[in-house]
Structures are given as C-alpha cells and as structure tokens.
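Input: a single structure, listed below in structure tokens.
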Amino acid sequence: MAVCGPNSLMWFRKSLRIHDNPALEYAAATNGGGGQSGCLYPVFVVDPHYMEPDPTAFSAGSGRAGLNRIRFLLESLVDLDCSLRKLGSRLLVLKGEPAEVLIRCLKKWDIKRLCFEHDTEPYYQALDIKVKDYASAAGVEIFSPVSHTLFNPADIIQKLAGHPSWASSPLSTTISWLPPVGNVGNSKISNVPTLKELGYEDIIQDESTPFRGGESVALERLRAAINDKEWVAKFEKPKGNPSAFLKPATTVLSPYLKFGCLSSRYFYQCIQEVQKNVKSHTLPPVSLLGQLLWRDFFYTVAYGTPHFDQMEGNRISKQIPWNVDDRLLAAWRDARTGFPWIDAIMVQLHKWGWMHHLARHSVACFLTRGDLFVHWEKGRDIFERLLIDSDWAINNGNWLWLSCSSFFYQYNRIYSPTSFGKKYDPNGDYIRHFLPILKDMPKEYIYEPWTAPLSIQTKANCIIGRDYPKPVVSHDTASKDCKRKLAEAYELNKKLNGSVSEQDLKFLRRKFEEYQQKGQQPESKKPKNL
C-alpha cells in the first residue's frame with residue numbers, strides 16, 4: 001500500500017507545459033518512502049505588475065506588456081488548464097503580489113513541498129528570495145530545478161567540474177496522472193480570466209497576431225517544423241527571408257519557448273533526431289541547434305552580468321552618448337519614419353507582436369547606430385512591451401548586439417533602410433500588406449516613395465508629406481554621422497578601458513556637437529550597407 005506523502009504546490013510561472021517539466025513531476029511523484037504525494041495544488045498568480053491595464057501606455061496593455069502578449073499568455077494558461085484537467089487536476093488561478101499570495105497559500109493549504117522552475121530574471125530572483133525565505137523557515141521543502149534552458153547558467157559561469165551539465169534530470173515527455181487538488185478553503189480561486197475580466201475593453205483590431213498560445217499549439221508547430229527534415233538540416237541563420245509573412249521563414253517557436261509552452265531541451269532532442277537521419281546538416285552557431293545554444297548564451301551572460309539591461313554600470317557595454325530625441329523615437333515606434341521598409345516592420349510588430357529576426361535587426365540598427373542614434377534602451381523598452389516572445393535576457397542581449405554596444409562591434413556594417421528589404425522582396429508585397437497607403441505605389445518607388453514624381457504619387461493616391469511622411473533623416477548623411485560618433489565613443493572607451501563616467505559622456509556629446517557645427521568629420525571608411 002502506497003504511503004501518503006505531503007501536500008505539494010506547483011507554482012507555474014513560465015513552464016506552462018506538461019512535457020519535460022521536472023518541477024511538476026517532482027511535485028506529483030514519489031517521496032523518499034516511495035509513495036505518492038498527498039494533494040497537488042497547481043497555482044498560477046495573476047501578477048498586477050504585468051497584467052493590470054495601464055491607460056497611460058502608448059499601446060493597449062499593461063504597464064509592462066502589450067495586449068498581444070497578454071492574450072498569448074491567457075491562451076497558454078487555458079491550454080495548460082485543459083491539459084491538467086485531462087490528468088485529473090486543474091489550474092488554480094489567484095491574483096495579487098505573487099510572494100504574498102504564495103506565502104498565504106503555503107499557510108492555508110498545509111503545503112510541505114513547494115515546486116517551481118528556476119528563473120534567472122532579476123524580477124523573479126528577488127521574488128523567489130522572499131518565497132524561499134518563508135518556506136525554509138516554515139520547514140517547507142523547496143524544489144526549483146533549472147529547465148527553462150539547456151544548461152544551468154550558474155554551472156557554466158562557475159565551470160563546475162570543467163564541463164556544464166545538462167540542465168536537470170533526464171528528460172521526460174509524458175505525465176499520465178496527477179494527484180487530486182485538495183481543499184482550497186476560502187481562498188479566492190478563479191478560472192483563467194478573459195481579457196475583459198482583467199479590465200481590458202473589447203478592442204477591435206483590423207489584424208492581430210496569428211499565433212495562438214499554448215503547449216498544444218507549440219507541439220503542433222514543432223512537429224510541422226521537424227517533419228521537414230531537409231529544412232531543419234539546411235537551416236542557417238542569419239539567412240532567411242524577413243519579408244515572408246504569410247509563411248514565415250522560421251519556426252516561430254520563440255514565443256512558446258519564452259513562456260515555456262515548449263521545452264528547449266525537448267526541442268533540442270527533436271532536432272538531434274532529425275540530424276541523425278540526414279546525410280549532412282549545418283552546424284552551430286548557424287544551425288537550428290545553434291540557435292538554442294545562442295539562447296543559453298544570452299541567458300548565461302545576462303545572469304552573470306550586473307546591470308545587464310542598461311548601459312551605465314554594465315561592464316560589458318560600450319558607453320556611448322546616445323541621443324535623447326523623443327520625436328525620432330516616437331516616429332520609429334509609431335511607424336512614421338518615412339522609410340517604408342522600417343515602418344512596415346514596426347506595423348507588423350504592433351499588429352502581430354512578432355517579426356523575422358532580420359527585420360528586427362533592420363529596425364534596431366536604424367534606431368541606434370544606423371540612422372537615428374537613439375539609445376538602445378529606448379528601443380528595448382518598446383520591443384519588451386510589444387513582442388509576444390519578449391524575453392528579458394535575449395531582448396537585452398540583442399539590443400546590445402545590434403547597437404554595437406557589446407558582442408558585435410563592426411559598426412560600419414549598416415542595414416540599409418531602402419536596399420536591404422528590396423533584396424528579398426523587390427515588388428514590395430510586405431510593405432503593401434502592412435502599409436496599405438502604399439499599396440498602389442509602383443515597385444520602382446515602393447522603398448523610396450519620396451523620389452516618385454508628383455504625378456506618380458497622385459496616381460498611387462499617396463502624396464508624400466501628406467498621406468505618408470517624408471523621411472525623418474537622410475540615410476546617407478545620418479549613417480555617416482552615426483559611424484563618426486561611434487568611432488569617437490569607441491576611442492574613448494579604449495582609452496578608459498570601458499570605464500566611462502557620465503562626465504566623459506558629456507564631453508563626448510560636446511565634441512559631437514562641435515563637429516556638427518564645424519562640419520568636421522574624422523577620416524573613416526564609407527559605411528557598408530548590407
């Protein structure tokens with residue numbers, strides 16, 4: 001006869017899945033005596049920090065997340081609840097400050113075992129300390145395995161035993177049964193809320209994200225991707241068509257990895273199986289496996305770098321006197337730069353909450369080192385809000401990279417806002433879809449409509465400067481200015497070994513202003529447009 005074990009609480013945050021979920025398995029499985037756990041309480045806390053409507057934000061959503069990502073999360077929770085019910089359980093949804101809610105549940109439900117996936121983000125690290133401190137003092141067992149990444153970032157940093165180990169216990173893809181949910185007493189439990197129940201009014205969108213949340217959808221997308229063995233074998237980043245939107249030229253699994261609807265370890269295993277059965281395949285860092293390793297790379301660097309999400313105080317970031325220009329930032333954010341390739345990408349971001357990685361590269365380069373010289377943190381904030389796959393470590397890492405603040409330093413390699421997109425989509429179909437005001441513009445002018453004769457603009461029902469904005473900058477001039485400013489900043493960083501004070505930044509800004517007033521430019525090679 002099985003020995004009845006302690007009550008367990010499974011705290012879902014990002015691991016919104018049943019497959020390869022070590023924390024859930026431990027919460028439900030045997031204790032030291034070989035028996036089952038008692039009751040299992042699967043909990044998700046609706047955190048106002050991320051979910052409460054913010055009417056002052058520039059787009060619909062909370063103070064931290066746009067509506068697309070909130071909707072994706074709710075869909076993922078509904079899917080998780082459905083999966084739990086099939087296993088004889090259900091998702092218990094509570095609302096409030098997570099640490100306070102968890103501590104209250106531990107007390108009320110006589111929890112002896114608390115399980116949750118380890119999280120490396122600073123916000124969750126601080127939250128976990130509060131919960132762990134209480135649980136430890138109360139004699140509650142804590143099990144918090146690493147399963148959001150392939151490897152444990154702390155192990156990699158510390159180089160334990162010379163080699164990082166696989167993130168946690170052997171990968172298990174199935175759970176056939178879960179213990180019942182116990183008595184919740186007078187706790188305010190709800191089902192997964194709707195957007196309306198969270199306080200969001202019905203918002204009519206002419207086009208919204210085509211990507212639905214949930215483990216079920218994630219596994220369907222994964223199966224579809226790996227079934228095309230030739231595509232998996234030949235995958236090579238950064239190649240791909242950034243203008244392909246009806247059938248994106250990538251897996252679009254990033255939002256499912258972000259919320260843990262898909263296990264990165266399981267994804268890795270599936271790719272390995274495909275590679276074993278093909279004659280040849282690409283290798284890291286450009287292969288599909290390589291992309292998962294890059295993901296771990298960013299998680300590890302982010303975990304080990306204080307102030308990773310900012311320039312000042314970040315030891316791996318170049319200190320650069322970026323412009324503070326709200327007008328240019330708003331034009332970029334609101335798709336009003338006058339460069340159709342850039343604006344179409346930003347419209348897709350607003351509508352879909354997703355775009356191809358090369359499209360992200362284009363707009364990030366344009367905002368920072370390519371044309372506008374606006375601080376990468378400003379762009380990062382907008383991506384963080386609007387992307388359904390916004391991931392703290394990867395988003396910050398990519399903005400550091402694309403602004404040439406860290407990781408990548410070839411600032412003379414600039415994504416042209418006119419010719420880069422044209423290589424993939426000479427007819428401008430991507431632009432015509434996301435910027436319908438330009439749908440009748442001849443392809444000869446679709447990437448540079450301001451060059452079209454007035455008669456052509458009139459015939460296309462799009463007068464530049466009236467129906468669609470003029471370019472906010474001259475790309476040729478702006479890119480040269482950006483390159484000059486970065487050359488100056490790099491030189492000062494080199495002299496100061498990367499330790500640049502606010503006083504140094506002010507000095508750099510004054511120097512740049514002097515150059516602009518005198519029309520001087522340091523000798524440099526012409527920027528290379530990609």
Selection count, segment 101-137, where residues are farther than 24 Å from V181 by Cβ, aromatic (F, W, Y) and crowded, with 17+ Cβ neighbours inside 10 Å = 1
Taking only pairs six or more apart or across chains, which ones have beta-carbon atoms under 6 Å, a first residue in segment 78-104 that is under 16 Å from K14 (Cα atoms), and a second residue that is in a helix (DSSP H, G or I) and among the small types (G, A, S)?
-> D79/S216
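Listed residues L253, L257; which is open to solvent by less than 80 Å² (accessible area, probe 1.4 Å), hydrophobic (A, V, I, L, M, F, W, C) and in contact with a Ser or Thr (Cβ under 9 Å, 6 or more places away or on another chain)?
Details: L253 fails: in contact with a Ser or Thr (Cβ under 9 Å, 6 or more places away or on another chain).
The match here is L257.
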Output the number of residues of segment 396-413 satisfying the condition of being in contact with a Phe, Trp or Tyr (Cβ under 9 Å, 6 or more places away or on another chain) and either of a type outside the set (A, V, I, L, M) or within 14 Å of I342 (Cα to Cα) (or both).
-> 12
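So that you can scan it fast, the table gives a plain yes or no per residue for (1) surrounded by fewer than 16 Cβ atoms within 10 Å (Cβ to Cβ); (2) of a type in the set (V, I, T):
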residue	(1), (2)
D425	no, no
L435	no, no
L438	no, no
K443	yes, no
I446	no, yes
T451	yes, yes
I456	no, yes
I464	no, yes
Checked pairs for segment 461-478, first in contact (Cβ under 8 Å) with a residue 60 or more places away in the chain, second assigned to a strand (DSSP E or B), C-beta under 8 Å and 6 or more apart or across chains, list as K470/I464
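Residues of segment 372-404 being touching a Pro at 6+ places or on another chain (Cβ under 7 Å) and either modelled with pLDDT under 95 or open to solvent by 10 Å² or more (accessible area, probe 1.4 Å) (or both), which ones?
Looking only at segment 372-404, we keep the residues that are touching a Pro at 6+ places or on another chain (Cβ under 7 Å), and these are 388-389.
If the condition is that a residue be touching a Pro at 6+ places or on another chain (Cβ under 7 Å) and either modelled with pLDDT under 95 or open to solvent by 10 Å² or more (accessible area, probe 1.4 Å) (or both), then D389 is the only one that fits.
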Lone qualifier among D81, D110, D54, D119 - being among the acidic types (D, E) and over 27 Å from the mean Cα position of the chain (by Cα) | D110
Only one of S390, S419, S479 is polar (S, T, N, Q) and within 30 Å of A65 (Cβ to Cβ); which?
-> S390
Find the residue count for segment 41-74, including only residues that are aromatic (F, W, Y) and modelled with pLDDT of 95 or more.
-> 3
Taking into account only those residues within segment 1-33 that are of a type in the set (F, W, Y) and modelled with pLDDT of 95 or more, which is nearest to L74 (Cα to Cα)?
-> F12
Reported set for segment 412-428 where residues are farther than 17 Å from Y468 by Cβ and part of a helix (DSSP H, G or I) is S419, F420, K422, K423, Y424
Output the number of the condition that G96 fails; it satisfies all remaining conditions of (1) closer than 16 Å to S216 by Cα; (2) surrounded by fewer than 20 Cβ atoms within 10 Å (Cβ to Cβ); (3) not hydrophobic (A, V, I, L, M, F, W, C).
-> (1)
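State which residue is farthest from N412 (Cα to Cα) when the search covers only segment 468-496 and only residues that are of a type in the set (S, T, Y) and buried (at least 20 other Cβ atoms within 10 Å of the Cβ).
If we filter segment 468-496 for residues that are of a type in the set (S, T, Y), which is where we start, we get 468, 474, 477, 479, 490.
Going one step further and asking which of them are buried (at least 20 other Cβ atoms within 10 Å of the Cβ), we end up with 468, 479.
Numbers: Y468: 30, S479: 9 Å.
Out of the qualifying residues, it is Y468.
Could you check how many residues of segment 320-342 are open to solvent by 10 Å² or more (accessible area, probe 1.4 Å) and either hydrophobic (A, V, I, L, M, F, W, C) or touching a helix residue (DSSP H, G or I) at 6+ places or on another chain (Cβ under 6 Å) (or both)?
Result for segment 320-342: 6.
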Quick one: M346 ticks every box in (1) over 22 Å from K439 (Cβ atoms); (2) without any contact (Cβ under 8 Å) to a residue 24 or more places away in the chain except a single one, so which number is it?
-> (1)
Does R85 count as over 30 Å from I382 (Cβ atoms), in a helix (DSSP H, G or I) and modelled with pLDDT of 95 or more?
-> yes
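Which of the residues spanning segment 357-375 are among the aromatic types (F, W, Y) and either out of contact with any strand residue (DSSP E or B) (no Cβ under 9 Å at 6 or more places or on another chain) or within 14 Å of S416 (Cβ to Cβ) (or both)?
Answer for segment 357-375, where residues must be among the aromatic types (F, W, Y) and either out of contact with any strand residue (DSSP E or B) (no Cβ under 9 Å at 6 or more places or on another chain) or within 14 Å of S416 (Cβ to Cβ) (or both): just F366.
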Would you check if there is a residue in segment 278-298 being open to solvent by less than 40 Å² (accessible area, probe 1.4 Å), at pLDDT 95 or above and either among the basic types (K, R) or in contact with a strand residue (DSSP E or B) (Cβ under 8 Å, 6 or more places away or on another chain) (or both)?
-> yes
Does Y409 meet the test of being in contact (Cβ under 8 Å) with a residue 60 or more places away in the chain, open to solvent by 60 Å² or more (accessible area, probe 1.4 Å) and part of a loop (DSSP other than H, G, I, E, B)?
-> yes
Residue in segment 175-224 that is nearest to P6 (Cα to Cα), counting only those that are open to solvent by less than 30 Å² (accessible area, probe 1.4 Å) and not in a loop (DSSP other than H, G, I, E, B) | E215
Given (1) farther than 25 Å from E75 by Cα; (2) open to solvent by 20 Å² or more (accessible area, probe 1.4 Å); (3) in contact (Cβ under 8 Å) with a residue 12 or more places away in the chain, number of the condition W231 does not satisfy = (3)
Please state which of the following conditions A154 fails to meet, knowing it meets all the rest: (1) open to solvent by 30 Å² or more (accessible area, probe 1.4 Å); (2) closer than 23 Å to W392 by Cα; (3) modelled with pLDDT under 95; (4) out of contact with any Pro (no Cβ under 9 Å at 6 or more places or on another chain).
-> (1)
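The values are calculated or read from the model by the stated rules, or taken from the named source; none is laboratory data. Please read these numbers as outputs of a predicted model, since none were measured by experiment. FYI the Cβ positions are ideal-geometry reconstructions off the backbone, even for glycines, and counts take in every protein chain you see. Calculation scope for accessible area: heavy atoms of the full protein, side chains included, ligands and nucleic acids excluded. Shrake-Rupley method; radii C 1.70, N 1.55, O 1.52, S 1.80 Å.
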